[in-house]
């Protein structure tokens, strides 16, 4: 197993033109894991799946992408739901139905079971995506915070704060928890919109620069159609342009970028903090450009439906 992704799996209820809601597998960690699997990276998803029918749908999507569910055992709580709202430009916002559902109850026993199911779980690089679950939430959120804090036991740890204001009870507390987690990580991917929520009175790139100086090797800020900017602890920055595409919607675009980023780091043997520290700007630009193309391919079709490697242009590597 090359990487473990930790966090929730849920079902997005996406509105169609006739007003009906279409259920689609989703959840930021789930999307990242599926994206990695489709790009050929052996991946495990640490996050409970329900034993209900929607849990079956999620399990089938993981299996089709060759992603291993961790732990294998399913839970009796119902599958978490997210109602997707799309604006006129196809940009998504979410309302979550969380209480008593599968996403909220991950425990230390699940982590132990994951290690039993997959002996490589312990030393694998770890990626945590937030979203429906926040670091200040009890249960799964608290567990994810502990996993991030213990990240030095792994070759590399990455984080996507994926800020969802609707589920944040105390913004100041969540801001502080994210800052602590960022300082413990090697790679952070964050959108300019996330940074604007966390620090509404500051320039997003200035905040990202502070984060880069706090501990990570790399902080990547995605800026939608304008591309992405990566900042390093020494103050160096580089930017790649966005990839033009006819946008259907942006559901899962940020997660697809994260999958592309991690897959490209893996392809260039950079899923290791020492190797990442030594990476050249040219190599990092190649990594970011690949991630941007993966995100663009996802925007060109409905829902969180990241591309396989075969669906990308051969020049993408």
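The numbers here are math on the coordinates, done by the rules we state, and not lab data. Everything numeric here is computed off the predicted structure, so don't read it as measured data. Every residue, glycine among them, receives a Cβ derived from its backbone with ideal geometry; neighbour counts consider all protein chains shown.
Ignoring everything except DSSP H segments at least 4 long, calculate the 222 nm mean residue ellipticity for the chain; use -39,500 (n - 2.57) per segment, divide by total residues, nearest 500. Write out the running numbers ahead of the final one.
Values: 10 runs with 114 residues, N = 317.
After summing the helix terms and dividing by residue count, I get -11000 deg cm²/dmol.
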Pseudo-spin-label distance residue 18 to residue 108, built 7 Å along Cα→Cβ, given in nm, is 5.2
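Please find the FRET efficiency linking residue 146 to residue 51, where r is the Cβ-Cβ separation and R0 is fixed at 22 Å, and quote it to the nearest 0.05. Display every interim value, and only then the final one.
On the way: r = 26 Å, r/R0 = 1.18.
After rounding to 0.05, the efficiency reads 0.25.
Compute the length gained on full extension between residue 60 and residue 239: take 0.36 nm times their separation in residues and subtract their Cα-Cα distance, giving the result in nm to one decimal. Can you show the working numbers first?
Details: separation 179, 0.36 × 179 = 64.44 nm, distance 3.69 nm.
Extending this stretch completely gives an extra 60.7 nm.
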If the chain between residue 248 and residue 72 were fully extended at 0.36 nm per residue, the gain over the current Cα-Cα distance would be 59.9 nm
Taking every C-alpha to C-alpha distance in the range 184-292 and binning by 10 Å from 0, the per-bin percentages run 15, 50, 31, 5
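Using R₀ = 41 Å, calculate the FRET efficiency as 1/(1 + (r/R₀)^6) where r is the Cβ-Cβ separation of residue 166 and residue 275; round to 0.05. Kindly include the intermediate steps, with their values, before the conclusion.
On the way: r = 38 Å, r/R0 = 0.93.
Step by step, r from the Cβ atoms, then E = 0.60.
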The Rg/Rh figure for the range 92-186, Cα atoms and Kirkwood Rh, to two decimals is 0.97
Under a Gaussian network model of the chain whose springs join Cα atoms within less than 10 Å, the largest fluctuation of 53, 122, 224 belongs to 53
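Place the peptides 21-29, 110-118, 257-265 in order of packing, highest mean first, counting for every residue the other Cβ atoms within 10 Å and averaging per peptide. Please list the in-between numbers first.
On the way: 21-29: 22.3, 110-118: 16.7, 257-265: 28.4.
Highest mean packing first, the order is 257-265, 21-29, 110-118.
Could you check what % of the DSSP bridge pairs in the range 3-309 are antiparallel, to the nearest 5? Don't skip to the end; give the middle numbers.
Working: 20 of 47 bridges.
Once the DSSP bridges in the range 3-309 are tallied, antiparallel ones form about 45 percent.
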The range 28-89, convex hull of Cα, quarter of hull surface, nm² -> 5.0
Taking Cα atoms only, Rg over Rh for the range 22-150 with Rh from the Kirkwood formula is 0.95
For the range 3-309, the convex hull over Cα atoms projects on average to an area in nm² of 14.0
